[in-house]
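Scroll down for the structure; my scribbles are underneath it.
The values are calculated or read from the model by the stated rules, or taken from the named source; none is laboratory data. Computed from a predicted structure; not experimentally measured. Heads up, the Cβs are rebuilt from the backbone with ideal geometry, glycines too, and the neighbour counts pull from every protein chain shown. Remember, those area values only see protein heavy atoms, side chains included, never the ligands or the DNA or RNA. Shrake-Rupley method; radii C 1.70, N 1.55, O 1.52, S 1.80 Å.
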Amino acid sequence: GLVVGESKPHELQRPQSGTVDRDGRIYVTDASRQAVIVFDPVAGKLDVWEKAEGLANFGAPVALAVANGLAYVTDAELGIVARLGADGTPQRALGRGLFKRPTGLVLDAERAELYVADTASHDIKVLDLAGNLKRVLGARGEGDGEFNYPTHLAFADGELYVTDTMNSRIQVLDAASGKMRRSFGVRGLYVGN
């Protein structure tokens, strides 16, 4: 058919992270677009969620997790974990005043806990799904269980994987206790560094 007028394409500009929900919807944070992009292949549509809380737009969305019809999104600029309904409607944000620069985020569905890498605080904050702080893992340093600008997180089999960026390693922690189980990577110039 004929295209009337200019159509602005929906494109990713600087995607940061992504996840998929039980219904097959694909969520991607895009820091440059300051939004969460939601691809719904079943319904054949794409949504762009720009609101973090109330009338406030996202500033720098980084990581996200979805569970029970809600999306949780860290915003490094706003210093919050935005909580959005299944249709993208902003709800009360979590962690206001708690974070310096929240980046990485994972959800432990079994324990109903959110793990948030607070990069500028050099720690991992653990919240319940209502936003209450349950515990803090780590502090700044180079030792076991210490971090130097942690950024991204992953969760598997009761273990929390932390990119300990400026220490040039990945630390694997017991998610419940926060004790380091192992780490890999060192600063260097050779394979495996």
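Observations
- Once the 1.4 Å probe is applied to the protein heavy atoms, the chain comes out at 53 Å² accessible per residue.
- Once the Cα-Cα distance is subtracted from the 0.36 nm per residue extended length, the GLU110 to LEU133 segment shows a gain of 6.6 nm.
- Overall, the accessible surface of region 1-119 at a probe of 1.4 angstrom is composed of carbon and sulfur to the extent of 49 percent.
- Site pair VAL48 and ARG181 shows an inter-label distance of 4.1 nm when each label is modelled 7 Å from Cα along Cα→Cβ.
- Counting lysine pairs in the chain that sit 8 or more residues apart in sequence, or on different chains, and whose Cα atoms lie under 29 Å apart gives 11.
- Distance from region 17-44 to region 93-117 (C-alpha centre basis), Å: 19 Å
- Matching the structure-derived semi-axes √(5λ) of the Cα gyration tensor in Å against the labelled list [x] 25, 19, 16; [y] 31, 19, 16; [z] 28, 18, 16 gives the label [y].
- Share antiparallel - DSSP beta bridges, region 134-193, percent rounded to 5: 95 percent
- Three-way shape label, region 87-130, alpha-carbon gyration tensor, a/c 1.5: oblate
- Listed residues LYS45, LYS100, LYS134, most fluctuating in the chain (Gaussian network, C-alpha, under 10 Å): LYS45
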